[in-house]
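Heads up, the thing below is written out as structure tokens.
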Amino acid sequence: MNNVVLIGRLVADPNVKSLANNNMVANMRIAVDRGKNEESDFIDLSAFGKTAEFASNYLSKGRCIVTGK
């Protein structure tokens with residue numbers, strides 16, 4: 001099994017919406033540095049349910065986060 005772990009900073013506050021089935025979705029974008037050069041990759045992420053609630057309550061622009069398991 002392959003795993004991907006990303007470490008980056010949120011580009012903006014999470015965009016949280018409620019779905020029709022009373023579930024939540026949080027859409028986010030993180031900037032991940034490539035290393036020694038000054039370039040960054042921008043990765044779009046989505047979180048659902050309890051993770052989306054956590055994102056809406058505790059995450060904000062500029063916050064460093066780690067994704068993956």
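The values are calculated or read from the model by the stated rules, or taken from the named source; none is laboratory data. Only a predicted model underlies this, so the values are computations on that prediction, with no experimental measurement involved. Note: ideal-geometry Cβ built from the backbone for every residue, glycine included; neighbour counts use all protein chains shown. Please note that ligands, DNA and RNA were not included when accessible areas were found on the heavy atoms of the full protein model with its side chains. Shrake-Rupley method; radii C 1.70, N 1.55, O 1.52, S 1.80 Å.
Points worth noting:
- Check on residue 46, under 13 Å from the mean Cα position of the chain (by Cα) and either among the aromatic types (Phe, Trp, Tyr) or part of a loop (DSSP other than H, G, I, E, B) (or both): no
- Flag if residue 15 is under 11 Å from residue 67 (Cα atoms) and touching a residue at least 12 places away in the same chain (Cβ under 8 Å): no
- Only a single item in (1) outside any strand (DSSP E or B); (2) modelled with pLDDT of 95 or more is not met by residue 53, and it is number (2).
- In the range 32-58, of all residues being in contact with a strand residue (DSSP E or B) (Cβ under 7 Å, 6 or more places away or on another chain) and closer than 11 Å to residue 16 by Cα, the one that is most open to solvent (accessible area, probe 1.4 Å) corresponds to 48.
- Leading residue by the ranking (most open to solvent (accessible area, probe 1.4 Å)) among those in the range 18-31 that are over 13 Å from residue 67 (Cα atoms) and in contact with a Pro (Cβ under 8 Å, 6 or more places away or on another chain): 27
- Given (1) touching a Leu at 6+ places or on another chain (Cβ under 6 Å); (2) in a strand (DSSP E or B); (3) open to solvent by 50 Å² or more (accessible area, probe 1.4 Å), index of the condition residue 61 fails: (2)
- On the stretch given as the range 26-49, residues that are at pLDDT 95 or above and acidic (Asp, Glu) total 1.
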